[in-house]
Amino acid sequence: MVDVLACGPAYVVYTVFDCEGPVNEVAMAAVAAVSGVNFEMSDEHSILCGPVLVVC
């Protein structure tokens with residue numbers, strides 16, 4: 001299943017629902033850049049794992 005993680009007037013971020021893959025630090029940086037939302041590596045509920053699609 002695919003989840004809409006974040007959206008705004010100029011972007012939509014899709015993630016794989018409940019993915020347990022490796023931490024995707026590159027995707028977290030990309031999502032932070034388009035959305036302004038920062039991620040805390042120490043918070044397991046805040047990190048992104050697996051594939052992420054950012055549509056701008």
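The values are calculated or read from the model by the stated rules, or taken from the named source; none is laboratory data. Since the structure is predicted, the reported quantities are computational estimates derived from the model, not experimental observations. Every residue, glycine as well, gets a Cβ built from its backbone with ideal geometry; the counts of neighbours run over all protein chains shown. When the accessible area is computed, the model is the full protein with side chains, heavy atoms only, and any ligands, DNA or RNA have been set aside. Shrake-Rupley method; radii C 1.70, N 1.55, O 1.52, S 1.80 Å.
Descriptive notes on the structure:
- Working note: Karplus 6.51/-1.76/1.60 with θ = phi - 60° gives segment 40-45 the couplings 9, 5, 7, 9, 4, 8 Hz, where Gly and Pro are set to x.
- For the chain: rounded, prolate or oblate by the Cα gyration tensor [a/c cutoff 1.5]: oblate
- Between the Cα long axis of helix 25-35 and the first principal axis of the chain there is an angle of about 30°, rounded to the nearest 10.
- Around the amide H of Leu5, modelled in the peptide plane, lie the amide H atoms of Val13, Tyr14, Thr15, all under 5 Å away and 5 or more residues distant in sequence or on another chain.
- GluC sites (Glu not before Pro) within the chain: DSSP coil, no more than 10 neighbouring Cβ in 10 Å: Glu20, Glu40, Glu44
- Ligands, DNA and RNA left out, the accessible area of the chain computed with a 1.4 Å probe is 59% carbon and sulfur.
- Protein heavy-atom accessible surface, 1.4 Å probe, per residue over the chain: 70 Å².
- Inter-label distance for Tyr14 and Ala32, nm, one decimal - labels placed 7 Å from Cα along Cα-to-Cβ: 2.5 nm
- Modelled spin labels at Glu44 and Met1, positioned 7 Å past Cα toward Cβ, are 2.1 nm from each other.
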